[in-house]
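Report on the structure given below.
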Amino acid sequence: MAHPVLDLTGRRNRGEAAFGGLARFAGILVLIVLSLIALVMTTRAWPALTSGNFFTTKRWSVPDEVFGSLAFVFGTIVSATVAICLAVPISIGIALFVTQVSPGWLKKPIVYSVDLLATVPSVVFGFWGISVLAPKIMGFYESVHDLTSGIPGLRSLFGQPNGRSMFTAGIILAIMITPIVSSLSREVISTCPQGDREGALALGATRWEMIRAVVIPHSSGGLVGAVMLGLGRAMGETIAATLVIGSSAQITANLFGAGNSMPAVIASEWGEALGQHRSALTALAVTLFALTIIVNVLATSIVSRSRRRAQGTI
Amino acid sequence: MSFVDLTNQTASQSASYADSHAAVSPPVFELRDLSVFYSAFRAVRDVNITIERNQITAFIGPSGCGKTTVLRSLNRMNDLIEGARVDGDVLYHGIDIYGPDVSPTVVRRHIGMVFQKPNPFPKSIFENVAFGPRVNGVKKKADLEAIVERSLQGAALWDEVKDRLHTSGLGLSGGQQQRLCIARAIAVEPEVILMDEPCSALDPIATARVEELMQEIKSSYTIVIVTHNMQQAARTSDRTAFFTAEINPDSDRRTGILVEFDDTKKVFSNPSDERTENYVTGRFG
Amino acid sequence: MTSTMTTGNSTIDLGATGGWRSIKSRLMIGLLGTAFVIVMIPLVLVLATVIMRGGKVMSWSFLTSDIAASERRTSGGIGPAIVGTLLTTGIATAIAAPLGVLGAIYLAEYAGTSLLGRVVRFMSSVMTGVPSIVMGLFVYLLFTLRFKQNAFGGALALACLMLPIIIRSTEEMLRLVPTTLREASYGLGTSKARTIISIVLPAALPGVVSGVLLAVARAAGETAPLLFTIGAAKGLNLQPFSGANTALSAQIFGNASSPVEAAQARGWGAALTLVALAFSFTIFARLVSARFSSQR
């Protein structure tokens, strides 16, 4: 029974509901933008996507209006793979060092220094790559080329060297993704319970044996996620790759060969592209978008699963 | 101190009253067959309690018996926990506070709370106490200053902090912080103050200070306190409710039940239930 | 004092953990340490190059002069580019920061364990990995085709980049605010919105600001989102909605591909400026968040 003098109803607070609604809208904005990106780009890319040979040929000829994506997909994957091969041991090595080995006072400086790498804009890395790294590394490439010229399999892998090549792009990409792979790996590794680690040491294991037997198996799942996240970044990195990858639409086993990647060709050819050419470039962007979304979805669920397992909510 | 005779009272019809709650029908709270659920789990069941004006009511009992759950259901603080719901009635002056039109925000202006661990805002002492009145629409500086002084006086903290009102509330000692939280609570002039083990994080001297404060403010407020400290309940309260837990054989989880609710003197010297007697005499904790 | 002890027939040696194992452990540990050294080499090399080559052209007039009309000119500066960077990044922040903080508030305070909340949180994470060129292309198709190239288009693309970053870092900061503070506020009869605005957000503010600053540093350095959306102006343009514009990152990109010496030199000058800008924001962000931890 409502009491006449004691009113507990409270005016329906409009501001309250509006604020909550606004917050929810801002959250949903992420979903809206992602969907819009997919929609708008796929629409523009449709002619190229349905042209029949987009996914099957490596030929990319503007005057003949033949647009095949294979060379760029190849270049993207190769340079990203090189980046991963270089970056993963380094990143995980740093992560293990910081969490398992380093004395307390050294941890923050190391972490800050690695994060400093992430602060350098990608275009500066690309500039350095094309001006300094590419010319200077020719010597190294040449030695490797000479060294492997006798070995059948490796010979084609390390063929005629070019400064601006997929391998150089891989190096630059590796430098760029190290901070994030390292930081995520650190997070994953530090969830390894102290008790397990101390248990191994108490049984007489050396530090390295403890790391190998306890820490790595425990974190391996999460580390896979961290590596995949790095892969996604490497595939999508545009500017640094554009400058050093060599801009040549070819498929070759030669890591030292010039190549091209999806983001790089979009960046370099969009300015003067028209009509079907534009459609093809947009189609490349759609392919890249889809690829990175898939990789990121997988990586995010792996990492978040390992996080939740550590918190005990799984 | 005499009891108010409930049987002859009717809901008051008077249209005006001097202080906002005086003429409203006692009792302050009536809990009827109250059960509280967290999702499917029943935390406490079948609680029947009546809380009278200007008294201190204590909830005692071992851990995990639902004392805090029942306390928090009095000002709808359980709403903050996802999946929490209530069965039965919680009547505040005859109004079901879980009714469809009732706003929990307004309920909490009438029923304040002091928590186990002192939780002052990371703001100045002044801003801590002024926060509630500000939210309720008091804007003028002079009004706020008067309210802050009055509240800090009421919490027996004024003399200690009057020269540093604009320093951070976090710079006070534990006992002072708790009294600051009490001042903050009384600044919005609630009728009821709920206290969830307010002294468990404090040292004995600070505890004594807070107990003293509770006696001082009793005449202006109705207080319900959850405490683990039996002696504290025996010292300070007028009425005591003893809770215990029964173990559900299927799920191995405990559901709280109200064993006995009576005058404090009786609960501690001559309880009706054997379980109560075992608890208050220390045969089990 | 020896570390061996003999009792009866056996000798207990506490000195070593058995030669090879211990050596191997030290080797591997050393290897882990060299990982850090390896990664620092490119950092040092890049910074050294930027400072040395950029320092050669650096001067006040370099920072304020107009862009050279022709590449071959040895004069000319990057004044308009600095303005362009500040303009696009500033507008992008003005768009992304409030929306990002609100989105984080939704996730931390309203979403709970709801399906929508989980999806939004997940997709925000995924969105941080979308290539920046995709953002640029998207804004080009949606906005620039209709409204022509201008600073605002570039800002929109940067905002798309910053939004998920700000949402994630802000949500983390909001979650760090203890529940007991919210309870104290609700206990006084404060509404949820008021609690969030007056208690939760101020308590998390240093961390939130730090996260936004880091996102700004990231956005200031981005090139790909701006490539098609702002054009390539040479002159100073303070108008966000009309006329093409330029930015430091775009200038560096353009100069990097040029064979002309003078253009390359200017590129390094721009690189030095951009790196200094990004570093300042990052250091500032760390200082703000350090104040945060000292406050707790």
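Among the residues of the range B:169-190, those that are under 23 Å from B:Pro27 (Cα atoms) and touching a strand residue (DSSP E or B) at 6+ places or on another chain (Cβ under 6 Å) comprise B:Ala185, B:Pro190.
Out of all the residues in the range C:36-48, is one or more among the aliphatic types (A, V, I, L, M), open to solvent by less than 70 Å² (accessible area, probe 1.4 Å), facing another protein chain (nearest Cβ under 7 Å) and more than 30 Å from the chain's Cα centre (by Cα)? For the range C:36-48, residues among the aliphatic types (A, V, I, L, M), open to solvent by less than 70 Å² (accessible area, probe 1.4 Å), facing another protein chain (nearest Cβ under 7 Å) and more than 30 Å from the chain's Cα centre (by Cα): absent. Remark: C:Leu137 matches the filter, which requires a residue to be within 11 Å of chain A (Cβ to nearest Cβ), assigned to a helix (DSSP H, G or I) and under 21 Å from C:Phe228 (Cα atoms).
Kindly indicate whether B:Glu127 is farther than 23 Å from C:Ile196 by Cα, open to solvent by 40 Å² or more (accessible area, probe 1.4 Å) and away from chain A (no Cβ under 14 Å). For B:Glu127, the condition - farther than 23 Å from C:Ile196 by Cα, open to solvent by 40 Å² or more (accessible area, probe 1.4 Å) and away from chain A (no Cβ under 14 Å) - is not met. Checked across the range B:161-176, the condition of being out of contact with any Pro (no Cβ under 9 Å at 6 or more places or on another chain) and open to solvent by less than 20 Å² (accessible area, probe 1.4 Å) holds for at least one residue. Of the residues examined, C:Thr64 is one that is modelled with pLDDT of 80 or more and either open to solvent by 60 Å² or more (accessible area, probe 1.4 Å) or within 30 Å of A:Ile90 (Cβ to Cβ) (or both). Got at least one residue in the range B:76-98 being touching a Gly at 6+ places or on another chain (Cβ under 9 Å), charged (D, E, K, R) and modelled with pLDDT under 95? The answer is yes, given that some residue of the range B:76-98 is touching a Gly at 6+ places or on another chain (Cβ under 9 Å), charged (D, E, K, R) and modelled with pLDDT under 95.
Step by step: first the residues of the range A:4-21, then only those that are over 17 Å from C:Thr190 (Cβ atoms) and surrounded by fewer than 16 Cβ atoms within 10 Å (Cβ to Cβ), then the one that is modelled with the lowest pLDDT. Which residue is that? So the residue we want is A:Pro4.
Based on this model, can you work out whether B:Leu213 counts as open to solvent by less than 30 Å² (accessible area, probe 1.4 Å), part of a helix (DSSP H, G or I) and closer than 29 Å to B:Tyr92 by Cα?
Working: open to solvent by less than 30 Å² (accessible area, probe 1.4 Å): yes; part of a helix (DSSP H, G or I): yes; closer than 29 Å to B:Tyr92 by Cα: yes.
The answer is yes for B:Leu213.
Is one or more of the residues making up the range A:155-170 part of a loop (DSSP other than H, G, I, E, B), buried (at least 20 other Cβ atoms within 10 Å of the Cβ) and touching a Ser or Thr at 6+ places or on another chain (Cβ under 6 Å)? Yes, the range A:155-170 contains a residue that is part of a loop (DSSP other than H, G, I, E, B), buried (at least 20 other Cβ atoms within 10 Å of the Cβ) and touching a Ser or Thr at 6+ places or on another chain (Cβ under 6 Å).
At pLDDT 90 or above, of a type in the set (A, V, I, L, M), over 24 Å from C:Val120 (Cα atoms) and part of a helix (DSSP H, G or I): is that true of C:Leu181 in this structure? Yes: the conditions hold for C:Leu181. Restricting attention to the range A:22-55 and to residues that are part of a loop (DSSP other than H, G, I, E, B) and on the phi < 0 side of the Ramachandran plot, the residue that is most open to solvent (accessible area, probe 1.4 Å) turns out to be A:Phe55. Output the residues belonging to the range B:39-77 that are open to solvent by 60 Å² or more (accessible area, probe 1.4 Å) and either of a type in the set (Val, Ile, Thr) or part of a strand (DSSP E or B) (or both). B:Arg42, B:Arg45, B:Asp46, B:Asn48, listed by residue number. Only one of the numbered conditions (1) surrounded by fewer than 24 Cβ atoms within 10 Å (Cβ to Cβ); (2) at the interface with chain C (Cβ under 9 Å from one of its Cβ atoms); (3) closer than 16 Å to A:Ala264 by Cβ is not met by A:Ile77, and that is (2).
If the condition is being within 13 Å of C:Ala151 (Cβ to Cβ) and of a type in the set (S, T, N, Q), then the range C:236-254 contributes C:Asn237, C:Gln239, C:Ser242, C:Asn245, C:Thr246.
Yes or no: B:Glu145 among the charged types (D, E, K, R), without any contact (Cβ under 8 Å) to a residue 60 or more places away in the chain, surrounded by fewer than 21 Cβ atoms within 10 Å (Cβ to Cβ) and within 28 Å of C:Ile196 (Cβ to Cβ)? Judged against the criteria, B:Glu145 is a match. Residues in the range C:155-181 that are within 14 Å of chain B (Cβ to nearest Cβ) and open to solvent by less than 30 Å² (accessible area, probe 1.4 Å) were compared, and the one that is farthest from the chain's Cα centre (by Cα) is C:Leu181.
Residues that are more than 8 Å from every other protein chain (Cβ to nearest Cβ) and either acidic (Asp, Glu) or open to solvent by less than 30 Å² (accessible area, probe 1.4 Å) (or both) within the range C:182-206 comprise C:Thr195, C:Val200, C:Ala204, C:Pro206, listed in sequence order. Counting only helices (runs of 4 or more DSSP H) that fall entirely inside the range C:52-130 and contain at least 1 residues that are within 14 Å of chain A (Cβ to nearest Cβ) and free of Cβ contacts under 8 Å to residues at least 12 places away in the same chain, the qualifying elements are C:79-105, C:115-127.
Search the range B:78-114 for residues being of a type in the set (A, V, I, L, M, F, W, C) and outside any strand (DSSP E or B), and hand back the single one that is farthest from the other protein chains (Cβ to nearest Cβ).
That would be B:Ile81.
Among the residues of the range A:172-184, those identified as surrounded by 23 or more Cβ atoms within 10 Å (Cβ to Cβ) and either in contact with a Gly (Cβ under 7 Å, 6 or more places away or on another chain) or within 11 Å of chain C (Cβ to nearest Cβ) (or both) are A:Ile172, A:Ala174, A:Ile175, A:Met176, A:Ile177, A:Thr178, A:Pro179, A:Val181, A:Ser182.
The values are calculated or read from the model by the stated rules, or taken from the named source; none is laboratory data. Predicted model, so just to flag it, every value in this text is computed and none were measured. Cβ coordinates were reconstructed from backbone atoms using ideal geometry, including for glycine residues, and neighbour counts include every protein chain displayed. Keep in mind that these areas ignore ligands, DNA and RNA; they rest on the heavy atoms of the full protein, side chains included. Shrake-Rupley method; radii C 1.70, N 1.55, O 1.52, S 1.80 Å.
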